[in-house]
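For reference, the structure is listed below as structure tokens.
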Ligand SMILES: [Zn+2]
């Protein structure tokens, strides 16, 4: 699971997701010896609200991992 920290009260992974937006680029699979070497590189922006202090913040994820928190 991605570890997301509230920028205001520093609570970790205490948030609800408000909405997600995606860059929605199409990454056509490229197979080399049966392995897809062109995985989905879309960056998803997740806007969430801290359940402790109600701060609204967002983070970005890519390849199922935390890409950048803003
Ligand atoms: Zn908070």
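Bear in mind these aren't lab numbers, they're just calculated from the coordinates by the rules spelled out. As the structure is a computational prediction, the values presented were derived from the model and not from experiment.
What to note about this one:
- Just checking the listed ones, 15, 31, 59: in the Gaussian network model of the chain with Cα springs under 10 Å, the one fluctuating most is 31.
- Restricting the calculation to Cα atoms, the chain yields a radius of gyration followed by a Dmax of 15.0, 50 Å.
- Note: relative contact order over the chain, using C-alpha pairs below 8 Å and six or more positions apart, is 31 percent.
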